[in-house]
Amino acid sequence: MSLVEPIPTPPPLHWDPAAPMTRDDLDRMPDDGRRYELIDGVLFVSPAPRPRHQRVLANLYYQLRLACPPDLEVLFAPLDVVIAVDTVMQPDLLVARREDFTERDLPVAPLLAVEVFSPSTRRIDLMLKFSRFEAAGCAAYWVVDPDTPSLIAWELQDGAYTQVAKVTGTEPARLTSPFDVTVVPADLIL
């Protein structure tokens, strides 16, 4: 009789390639340091971000955290934002109401989703994620390009995103959604 119990292995991934993937399929992905996201049932896998990306993310998190009111929370990836059974995304940074989080994820659109460009995600961030967060009712969406450096911000108005800021270098972006904050792209790459 053995005192050591065998470690159960997760069920294998089996799905019909013609059918969209779901949250259940996503839950069976390995914990291997990659970012797994579903957009309209299609699996997107991204490599771990580079140090420059993480520095920009850390600096922006710090700025947002200082300005964040107590009823809201600023968090960074990996954290699942469940938009639909076939759409689970992980924005680089998000702001949401504290009461909206569960122990597992954010099951509603955040108030702000932010993506920091990297070579493998630029088009996904600007097209797919932009349109899915817009359709889900995410109040604000920002993208940061660490190479320029630049920031573009949109806010949801009448169900569609409207660009409210596009700044580069030392130009300040004075933003009001989800709270008042000023962001200078050049300060994010220090």
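The values are calculated or read from the model by the stated rules, or taken from the named source; none is laboratory data. The shown structure was predicted, so the numbers you read here are calculated from the model rather than taken from an experiment. Every residue, glycine among them, receives a Cβ derived from its backbone with ideal geometry; neighbour counts consider all protein chains shown. The area values use the complete protein model at the heavy-atom level, side chains included, leaving out ligands, DNA and RNA. Shrake-Rupley method; radii C 1.70, N 1.55, O 1.52, S 1.80 Å.
In region 138-165, the residues that are at pLDDT 95 or above and of a type in the set (S, T, N, Q) reach residues that are open to solvent by less than 30 Å² (accessible area, probe 1.4 Å) and not in a strand (DSSP E or B) with C-beta atoms within less than 6 angstrom, at least six apart or across chains, in these pairs: 150/185. Note on region 27-53: residues that are surrounded by fewer than 16 Cβ atoms within 10 Å (Cβ to Cβ) and assigned to a helix (DSSP H, G or I) total 3.
Among residues of region 171-189 that are of a type in the set (Ser, Thr, Tyr), those with a Cβ under 6 angstrom from a residue that is open to solvent by less than 20 Å² (accessible area, probe 1.4 Å), sequence gap 6+ or separate chain, pair up as 177/140.
Scanning region 76-109 for residues that are open to solvent by 50 Å² or more (accessible area, probe 1.4 Å) and either under 20 Å from residue 152 (Cα atoms) or free of Cβ contacts under 8 Å to residues at least 40 places away in the same chain (or both) yields 76, 97, 98, 99, 102, 103, 104, 107, 108. Put simply, of 58, 19, 67 the only residue that is over 26 Å from residue 144 (Cβ atoms), open to solvent by 30 Å² or more (accessible area, probe 1.4 Å) and aliphatic (A, V, I, L, M) is 19.
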